[in-house]
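Input: a single structure, listed below in structure tokens.
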Amino acid sequence: TTPSAIVVPGPSGSFTFVPDSGCSPLTVNFAGHSSNSFIYAWDFGDGSVLNGTADSIVQHTYTTPNNYIPQFYLGFQLSNSFCYVPVPIYDTLKVTSSLTVNIIEDSVLIKEGETALLHVNIGDPFGFGPPYTYVWDPASQIANGPSNGIFIATTSGQSQYYTLTVPYGAQGCSGADRVLV
């Protein structure tokens, strides 16, 4: 007799994820596609692993800025042995840092006809600026102050929150804070 090989078809598949980049915290939707597999494992590349799941569609939130290489594994049982087969990787996931905006004053009291100074600190670990774009709401009650990061606030006569948003990056990211006036 001549020995011959027995070929057992193993699992095959692919996976996609959207979005592939964005600001932290970034929630990403993963979709795995497979044949000959019904048990999966997901390694999100940030230390989080989901083993032994029947879910081929999952969601994961990245909180730390970095580049990640997520991996999808297909479970396969042959006789008494069980193993995971990795699906080829085609893309890297990029999570950017969030810019922190801090209005030093939590609240200010302004009498009618008077003004108050608001001091703003920007935490920018990845160097998106300066110059920064400062977007105030309500914009009509805020003017630029004597130096960068200092603003002059007036009152509308009503107690309300003034919100500062500082956009950055190509993905529409922003940092924000508010002050009660």
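Odds and ends about this structure:
- Residue match in region 14-22 (condition: within 30 Å of Cys173 (Cα to Cα), in a loop (DSSP other than H, G, I, E, B) and not charged (D, E, K, R)): yes
- Residue in region 71-84 that is within 30 Å of Thr163 (Cα to Cα) and in contact (Cβ under 8 Å) with a residue 24 or more places away in the chain present: no
- Test: residue in region 46-54 that is buried (at least 19 other Cβ atoms within 10 Å of the Cβ), more than 13 Å from Phe76 (Cα to Cα) and at pLDDT 95 or above: no
- Breaking point among (1) under 18 Å from Thr100 (Cβ atoms); (2) in a strand (DSSP E or B), for Phe128: (2)
- Output for region 135-173, where each listed residue is surrounded by 12 or more Cβ atoms within 10 Å (Cβ to Cβ) and of a type in the set (S, T, N, Q): Gln141, Asn148, Thr154, Thr155, Ser156, Gln160, Thr163, Thr165, Gln171
- In the condition set (1) surrounded by 13 or more Cβ atoms within 10 Å (Cβ to Cβ); (2) assigned to a loop (DSSP other than H, G, I, E, B); (3) not basic (Lys, Arg), Ala5 is compliant with all but (1).
- Within region 73-87, tally of residues that are closer than 12 Å to Ser34 by Cα, open to solvent by less than 70 Å² (accessible area, probe 1.4 Å) and not hydroxyl-bearing (Ser, Thr, Tyr): 5
- Of everything listed in (1) open to solvent by 90 Å² or more (accessible area, probe 1.4 Å); (2) out of contact with any Pro (no Cβ under 8 Å at 6 or more places or on another chain); (3) at pLDDT below 90, the single unmet condition for Phe126 is (2).
- Among the residues making up region 26-38, a single one is open to solvent by 50 Å² or more (accessible area, probe 1.4 Å) and either in contact (Cβ under 8 Å) with a residue 40 or more places away in the chain or touching an Asp or Glu at 6+ places or on another chain (Cβ under 6 Å) (or both): Asn36.
- The residue of region 157-181 that is farthest from Val101 (Cα to Cα), among those that are modelled with pLDDT of 85 or more and of a type in the set (S, T, N, Q), is Gln158.
The values are calculated or read from the model by the stated rules, or taken from the named source; none is laboratory data. This structure is a prediction, so every number in the text was calculated from the model and none was measured. Neighbour counts run over all protein chains shown; Cβ positions are idealised from the backbone, glycine included. Protein only, heavy atoms only, side chains kept; ligands, DNA and RNA dropped before computing areas. Shrake-Rupley method; radii C 1.70, N 1.55, O 1.52, S 1.80 Å.
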